[in-house]
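Presented below is the structure to which this report refers.
The values are calculated or read from the model by the stated rules, or taken from the named source; none is laboratory data. It should be emphasised that the depicted structure is a prediction, and the values quoted were computed from it without experimental measurement. Cβ coordinates were reconstructed from backbone atoms using ideal geometry, including for glycine residues, and neighbour counts include every protein chain displayed.
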Amino acid sequence: MRTRRLVTLVAALLAIVLAPAAAQAAPATWSPPSNLVTPLNQVWQHQEQTYNGGNLYGFRNYGWDQIMANGGYVNYCVRWDSTATVTAAQRDQIHATLARQHKKWMDELVGHNAWPYGDVPVKVVGWAVRNRSQLQWTDTSVDIYVNDIRENAPQCSVPCGRFFNQNGQYPNCPGGYARHYDQSLWLTDGFGGGAGGDWGQRVGREYYMANLNTVNVHILLHEIGHTWGLDDFYDWTPTGVSNFIMLAGSSTSITAFDGWMLRDWWRHLKSRYGY
């Protein structure tokens, strides 16, 4: 009997030691700074009133839903809405820039309120282009979709897209689940500003290429925020805060208030994933 208890105790200790660091450091608490409590409450109340509580909580294709369905990663496809050519080196830079910007948002969640992931990798699994000759590489690291035009732009495979298959099943995707994409990075010649939602993000191709090595690609950061459900603030500003990435034009980086707004979404939605 003593031997069995010793074995059980050793197994329990090993489980604690070997558990992911993020899981150990993620207390199930909600503790924003006191000066942000009021504006955070205002933001959430505004979202419930504006989008109707049922629609807000019932929607099932936020960035949250995508990452939870995948078990901790997100897949992208690039919509190259441009006449320019792309080298393999540029392709890899485009992927790396996207991953760095996405990570800035994910880092805001680590260690908070039982968020389960210490890292959320970005995988780019496809490119859509008008003409195959624009892509100056021959390797097979990404799937390539040629001249499938939707919204007057090259479209990644519909059967492989989460936006088109929100049940999370991809029976007609040639590469199966591993090659599905959750979001699109849509890079458009001459596009000013940006757009974002559950489908992904759209920014100007010239802007993106000019900022491949920029620390904070602020338009992209703002649009990624929308994929997670964060709102725009065109007609009002929460009490006591005036500079944050989701208030367009006021900040070029994610601020403490942005981070706490993101954590507030997790606080309200985490029960749907069993946390």
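Are any of the residues in region 107-127 within 17 Å of Thr227 (Cβ to Cβ), part of a helix (DSSP H, G or I) and free of Cβ contacts under 8 Å to residues at least 12 places away in the same chain?
For region 107-127, residues within 17 Å of Thr227 (Cβ to Cβ), part of a helix (DSSP H, G or I) and free of Cβ contacts under 8 Å to residues at least 12 places away in the same chain: absent.
What residue, of Ala128, Ala88, is of a type in the set (A, V, I, L, M), surrounded by 13 or more Cβ atoms within 10 Å (Cβ to Cβ), over 30 Å from Tyr275 (Cβ atoms) and in contact with a Cys (Cβ under 6 Å, 6 or more places away or on another chain)?
Testing whether each residue is of a type in the set (A, V, I, L, M), surrounded by 13 or more Cβ atoms within 10 Å (Cβ to Cβ), over 30 Å from Tyr275 (Cβ atoms) and in contact with a Cys (Cβ under 6 Å, 6 or more places away or on another chain) leaves just Ala128.
Using the structure shown, decide if Leu269 is part of a helix (DSSP H, G or I) and within 18 Å of the chain's Cα centre (by Cα).
Yes; evaluated as a whole, the condition is true for this residue.
Considering only region 166-181, I want to know if a residue exists there that is closer than 20 Å to Tyr73 by Cα, in contact with a His (Cβ under 7 Å, 6 or more places away or on another chain) and at pLDDT 95 or above.
Yes; the residues of region 166-181 include at least one that is closer than 20 Å to Tyr73 by Cα, in contact with a His (Cβ under 7 Å, 6 or more places away or on another chain) and at pLDDT 95 or above.
Do you know which residues across region 215-238 are in contact (Cβ under 8 Å) with a residue 40 or more places away in the chain, part of a loop (DSSP other than H, G, I, E, B) and surrounded by 14 or more Cβ atoms within 10 Å (Cβ to Cβ)?
If the condition is that a residue be in contact (Cβ under 8 Å) with a residue 40 or more places away in the chain, part of a loop (DSSP other than H, G, I, E, B) and surrounded by 14 or more Cβ atoms within 10 Å (Cβ to Cβ), then Asn216, Val217, Trp228, Gly229, Asp231, Pro238 are the ones that fit.
Out of (1) among the polar types (S, T, N, Q); (2) surrounded by fewer than 16 Cβ atoms within 10 Å (Cβ to Cβ); (3) touching a Pro at 6+ places or on another chain (Cβ under 9 Å), what's the single condition that is false for Ser141?
With (1) among the polar types (S, T, N, Q); (2) surrounded by fewer than 16 Cβ atoms within 10 Å (Cβ to Cβ); (3) touching a Pro at 6+ places or on another chain (Cβ under 9 Å) applied to Ser141, the lone miss is (3).
Of Arg79, Arg91, which residue is in a helix (DSSP H, G or I), touching a residue at least 24 places away in the same chain (Cβ under 8 Å) and over 16 Å from Ala178 (Cβ atoms)?
On the way: Arg79 fails: in a helix (DSSP H, G or I).
Every option except Arg91 fails the conditions.
The rows are residues; the columns are (1) over 20 Å from Gly197 (Cβ atoms); (2) of a type in the set (D, E, K, R).
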position: Gln93; (1), (2): yes, no
position: Glu108; (1), (2): no, yes
position: Ala114; (1), (2): yes, no
position: Arg130; (1), (2): yes, yes
position: Leu135; (1), (2): yes, no
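Return yes when Ala195 is modelled with pLDDT of 95 or more and part of a loop (DSSP other than H, G, I, E, B) and no when it is not.
no
I need a count of the residues in region 128-146 that are assigned to a loop (DSSP other than H, G, I, E, B) and basic (Lys, Arg).
At the first step, the residues of region 128-146 found to be assigned to a loop (DSSP other than H, G, I, E, B) are 130-131, 137-142.
The next check asks that each one be basic (Lys, Arg); those that pass are 130.
Count: 1.
Of all the residues that make up region 1-56, how many are at pLDDT below 50, surrounded by 12 or more Cβ atoms within 10 Å (Cβ to Cβ) and of a type in the set (A, V, I, L, M, F, W, C)?
4
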